[in-house]
Amino acid sequence: MSSIQAWTLFFVILSFGFYLFIAIRSRVADTAGFYVAGQGIPAIANGAAIAADWMSAASFISMAGLIAFLGYDGAIYLMGWTGGYVLLALLLAPYLRKFGKYTVPDFVGDRYSETARFVAVIAAIFVSFTYVAGQMRGVGIVFSRYLQLPITGGVIVGMAVVLVYAVLGGMKGITWTQVAQYSVLIVAYLIPAIAIAQTLTGIPIPQVSFGRILQELDTLQTSLGFDAYSEPFTQRPKIDVFLVTLSLMVGTAGLPHIIVRFYTTKSVRAARYSAFWALLFIALLYTTAPAIGVFSKFNIIDDVNEVARDDMPQWVDNWEAAELVTVTDINGDGLIQFTGDEATNEIVIDRDIIVLATPEIAGLPAPVVGLVAAGGLAAALSTAAGLLLVISSAVAHDGYYRFYHLRLKPDEPEPTEARRLLVGRIAMGGAVIVAGYFGVNPPGFVAQVVAFAFGLAAASFFPIIVLGIFWKRCNAKGAVSGMLSGLIFTTAYMVYTIPIYGGNPHIAGISPEGIGAIGMLINFAVTVVVSLLTDPPPAAMQELIEEIRYPGRPRLAPVGGEAAAPPPAAH
C-alpha cells in the first residue's frame, strides 16, 4: 500500500466512523425527527448543514475541473449556483417556512390540490434521482483512485455508509452529520489551495493570488495556439452561457432537498439566520474554486505538454490506472501534446479528477492528498443523504400517507407513527439501490449530471412555487399543466441531446444543461394561461396567500383544515 493510499484509508475510516457515531447518537423514533429534525436545529448548525447539503460532489469534485477546462465560460456554475442560493434564501424560503409545510409536494398539495401533490411527488423523485446519481459517481471516483476499488465497488461502499446514517437518524442524524462533513470538506478544499498559492505566488491567499497565475496562463495558452483562458464565449455560445446560468439559478431555488432545510429551525427568524450562515460557509469554497481551476490548468500544461511518454509525472500514471486519464501518442513523435482539441489531444483528463488530483499535481505530501479524498467523499455523501431523505419523504409522507391513506383510503385506521417511519426507511433503502445504479451508469460528468437535475427542478418546481406565493389567482389546473409541460419538454430535450442517449446536435446552440430555463418559461406560460382560463382558487386560500407574504407575522388562517404550522407527526 502506498503512502497516499494509507493516508486516504486513515482519513476515510476516521471520518466515516465519526459520521456513523453521530448517526447512532442522533437516531430518531418519530417522523418529526426523521423529516425535519424536530424543528430544533440551531441557526449556525443549520447553516453549515445547508452548505454541506448544497455543496455537493459537483461543487467539491467537479466544478473546479469544469472551470479549468472551460475557462471564462466555466463561471456559469459559480454565477448560477451562488445566485440561485441567494434567490432561494430571499425570495422563497421565508414564505415557505411561514406556510408550515416541510416538503415541496406538501406545499404544492395544500396550496393547489391532491392531483398537484401527486405530480410534485413524481417530479421530486425524478429530480432527486438525477441529482443523486452525480453524488454516487463522485464517491466511486474517489474510491477507484485512492483505494484501488473499481468504481462499482466504491459506489457500493458509499451506498452502505449513507444508508446507515440516513436511515438511523433521518433529518436529525443527517443534519448533524452534515455539520461534520462541512468541516471536513472545507478544510480539505482550502489546505491544498493555500499551499499551492504559496508555492506559485508567495501569497497564501488563493482568492487574491490566482490573478497573477491567470495572466501567465493566458500567455501560455495563446503561445500554444489555444484561446486565452480568460476569453469569454470560446467554449459555449453566448445564449447557452446565459441559459445555463439562469437554469442553475432558478433550479437551485426549486431544489426540494434545500428548501426542506428551512423547516428544521425553531422559527422563521432562525431560518433567516441559517440562510446567512450558509451563504458565508458556501462563499469560502466558491471563492476558492476559480483559483484551483487556474492553478490546476497551469500546472497540467506545465507538467505534460511536450513531455516524453515514459517521462510522464507519477500522477498521470496513477490516474491512468484508475481509467480517468488516457494518454495516446497519436502522431508517433514520442512526445505528448496537450492541445485541448479532441482530434489531436494526446492526453485526455476526466474533468472530475481535477480537484482530487491537484495535490498530487502540485507535489503536496500524502496526508494532504488523503484529506482531499476524504473531503470529496464528505461532499458527495452529505448531498446524497439529503436527496435520499427527499425521496423518502416524497414516497412515505406525500405518497403513502397524504395521497394513498388520506385520499384513497380515508376509512382505514390511521397508520401508527412507527408504521409511517418504517415506510420512510424502506423507501430510503430502495432509493439508495436505485441511486447506486445511476452512480455506476451516469449520463455525464458529475457537475453535468447535477446541472441536469437543476434544469429539471427549474422546469418543474420554481414557477409553481413562485406563482403559488405571489399570485393568488394561480390554481390547481394551471399548476399541474405547467409542471407537466415544463418537465416533459425539458426531459425530452435532454434525452434528445445527451450523448449516451440521443446524442443529437444542440438546437440553436442550447445545451441540455441550459434547456431547463426554456422549460421554466414554458411552465410559467402554461400555468398562467390555464389558471386564467379556469376557475380561481377558493377565497380562503387567496386570503392565506396574501397573509404569508409577510413572514414575520403569525399565521392566522389554517391550511387544509389543519392547525397552523403543526409538527410533522401531527399530519
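Starting from the 7 Å offset along Cα-to-Cβ, what nm value, one decimal, do you get for the label separation of Arg549 and Val86?
About 2.4 nm, to one decimal.
As a check on your grasp of the helix formula, calculate [θ] at 222 nm for the chain: sum -39500 (n - 2.57) over DSSP H runs of n ≥ 4, divide by the residue count, round to the nearest 500.
Value at 222 nm, helices only: -22000 deg cm²/dmol.
If I take the Cα coordinates of the chain and project them onto the principal axes, what are the three extents in Å, biggest first?
Projected onto the principal axes, the Cα atoms of the chain cover 77, 51, 40 Å.
Once you charge only the Cβ atoms, +1 for Lys and Arg and -1 for Asp and Glu, what is the size of the charge dipole of the stretch 376-486 about its Cα centre, to the nearest 20 debye?
280 debye
Tell me which of Thr339, Gly254, Pro94 sits at the most positive position along the dipole axis of the chain, charges placed on C-beta atoms (Lys, Arg +1; Asp, Glu -1).
The Cα lying farthest towards the positive end belongs to Pro94.
What ranking, highest mean first, results for peptides 266-275, 464-473 when packing means the other Cβ atoms within 10 Å averaged over each residue?
Sorting 266-275, 464-473 by mean packing, highest first, produces 464-473, 266-275.
Using amide H atoms built in the peptide plane, which far-off residues or other-chain residues are under 5 Å from Gln337 H to H?
Those lying under 5 Å, H to H, from Gln337 are Glu306, Glu346.
Tell me which of Gly439, Val167, Ser56 sits at the most positive position along the dipole axis of the chain, charges placed on C-beta atoms (Lys, Arg +1; Asp, Glu -1).
Going by the charge dipole, the pick is Val167.
How many angstrom lie between the C-alpha centres of the stretch 227-304 and the stretch 477-546?
24 Å
Under 19 Å between alpha carbons, and skipping anything fewer than 8 positions from Lys472 in its own chain: which lysines qualify?
Lys98, Lys101
Would you please give the FRET efficiency between Asp317 and Thr152, computed as 1/(1 + (r/R0)^6) with r the Cβ-Cβ distance and R0 = 25 Å, to the nearest 0.05?
With R0 = 25 Å, the Cβ-Cβ based efficiency is 0.65.
Could you calculate the FRET efficiency of Asp302 with Arg25 from 1/(1 + (r/R0)^6), where r is the beta carbon distance between them and R0 is 56 Å, rounded to 0.05?
It comes out at approximately 0.75.
Taking the 0 to 90 degree range and rounding to the nearest ten, how far is the long axis of helix 238-253 tilted relative to the main principal axis of the chain, both from C-alpha atoms?
50 degrees
Just to compare against my own numbers: the Cα pair-distance distribution for the stretch 305-407, 10 Å bins, whole % per bin, please.
Pair shares across the bins are 13, 29, 20, 15, 11, 8, 3, 0.
Where a number appears in this text, it was derived from the coordinates with a stated rule and is not lab data. Keep in mind it's a predicted model, so treat the numbers as computed, not measured. Glycine gets a Cβ as well: all are built from the backbone with ideal geometry, and neighbour counts include every protein chain shown.
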